[in-house]
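The values are calculated or read from the model by the stated rules, or taken from the named source; none is laboratory data. Remember, it's a predicted structure, so these values are computed and weren't measured experimentally. Because the Cβ atoms are built from the backbone with ideal geometry, glycine has one as well, and the counts that use them run over all protein chains shown.
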């Protein structure tokens, strides 16, 4: 029964069915499955599968959004159970993410945040049009290991560089890895402005951040 | 000649090139929307329009890509939809000076539709109708919906435009930038069929990723709808750093060759440029298709 339910939960996430994801997660908990195991053995691998399908061109933004919603619906019941049992998901790291100043593009950045959360990272999503000062303050406050900078315009991508410069000035650059992304950006741009890595999409972002932190 | 007759019977219509990337040399904060400049530095917008008319563009898009209330709200202009769009059209009309048609440009509203986002389909129709109404009242020759990624949003834009101006010609282009589809997963064939069913005047592809991907999308539209009037208005390739400048890697010659090919082989009726294209690109296109 449990194997069948685990499969059903995994499918619910992959297919983006939030109602089913929540229901099956509740059933698994009621049946005695450890909340941590639900996350590690079912939800995270399901989101990995979603990312893979995006990579192969089988999934697009709507699929990622719906899968993210299903994952969140399941976590709404699994999260409190984790807490009740004082189980803590060991996190591979803390990420501060946002779209740089002057730029209001939200979707890509939010997908990266969702995928990172699904992979176990603690994510602080600062939203769009985020000032340099806000990025620096949040990195300082949270002791983040990684900061993610999104830009969708050739005019605003220069602000990715501005944030990196400000991190240097604040003496934080050695303690935080910088990852960039967004349509007009590229690995070459990342190298030029002194970012640690570039990721083309949300799936790649998870891989790149794991690599940067030496986690697997 | 009205624009529909021109598209059906006249020579290929050359559209303008990029606006946003032409404004980067202005001393303005990064990311300042064109619509803010329409209000604050109209002479800069007028000047870009004029350089495209001089380069040979016969179709000028008003600087109103972000002229929906949802986008204008980010710049504190959410309550000035009518005024911003009216002024944008007036600038395009002034630059056209009788030598070019004026298209009322409508871009995506910048939000996901339900169930992916909070915005309902009916609200989206209303948002697009509000902008389309302002553009129509200002006197455009065509309503020009572009850079769509979601087919539902494109449909809402069409419905809104129809509500506001049932008799105006209406064109829709999408941005195919992800493995040959839009980032929302819409295939060119699927878009062509859906939009032609709605009776739009012309369809096509703009913005996008590589020139090749945008070209392939238009060819696929032609394959499933050989009778459709087609538009291609691609980015000038991809942005690269040269010295300290961000430049797009497709040359005027690259885009001219693409234009010539698509006019000859699939009968494309409107050819222009999107992000990164310049008057030099448009001049080369105009020469190639004349």
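A few notes on this one:
- Which listed residue, of A:76, A:106, is within 25 Å of residue A:181 (Cβ to Cβ) and either more than 14 Å from every other protein chain (Cβ to nearest Cβ) or touching a strand residue (DSSP E or B) at 6+ places or on another chain (Cβ under 8 Å) (or both): A:106
- Of all residues in region B:203-245, those satisfying the criterion of being within 20 Å of residue A:181 (Cβ to Cβ) and touching a residue at least 24 places away in the same chain (Cβ under 8 Å) are B:207, B:208, B:209, B:210, B:213, B:235, B:237, B:238, B:239.
- Subset of region B:139-159 that is in contact with a helix residue (DSSP H, G or I) (Cβ under 8 Å, 6 or more places away or on another chain) and in contact (Cβ under 8 Å) with a residue 60 or more places away in the chain - its residue that is surrounded by the most Cβ atoms within 10 Å (Cβ to Cβ): B:140
A quick yes/no check of all residues on (1) touching a strand residue (DSSP E or B) at 6+ places or on another chain (Cβ under 6 Å); (2) in a loop (DSSP other than H, G, I, E, B); (3) within 12 Å of chain A (Cβ to nearest Cβ); (4) buried (at least 19 other Cβ atoms within 10 Å of the Cβ):
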residue: B:189; (1), (2), (3), (4): no, no, no, no
residue: B:193; (1), (2), (3), (4): no, no, no, no
residue: B:217; (1), (2), (3), (4): yes, no, no, yes
residue: B:276; (1), (2), (3), (4): yes, yes, yes, yes
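- Residue match in region B:219-233 (condition: surrounded by fewer than 21 Cβ atoms within 10 Å (Cβ to Cβ), within 14 Å of chain A (Cβ to nearest Cβ) and over 16 Å from residue B:144 (Cα atoms)): no
- Screening the candidates B:105, B:122, B:79 for the property of being away from chain A (no Cβ under 14 Å) and touching a strand residue (DSSP E or B) at 6+ places or on another chain (Cβ under 7 Å) yields one hit, B:105.
- Residues within region A:34-59 that are touching a helix residue (DSSP H, G or I) at 6+ places or on another chain (Cβ under 7 Å) and part of a loop (DSSP other than H, G, I, E, B), tallied: 1
- Verdict on residue A:125 being within 14 Å of chain B (Cβ to nearest Cβ) and in contact with a strand residue (DSSP E or B) (Cβ under 9 Å, 6 or more places away or on another chain): no
- Where residue B:230 falls short, out of the listed (1) modelled with pLDDT under 95; (2) touching a strand residue (DSSP E or B) at 6+ places or on another chain (Cβ under 8 Å): (1)
- Selection within region B:33-54 - under 21 Å from residue B:273 (Cα atoms) and either touching a strand residue (DSSP E or B) at 6+ places or on another chain (Cβ under 8 Å) or in a loop (DSSP other than H, G, I, E, B) (or both): B:33, B:49, B:52, B:53
- Residue satisfying condition, being more than 18 Å from the chain's Cα centre (by Cα), in contact (Cβ under 8 Å) with a residue 12 or more places away in the chain and not assigned by TED's automatic domain parsing to the domain that holds residue A:54, within set A:155, A:142, A:128: A:155
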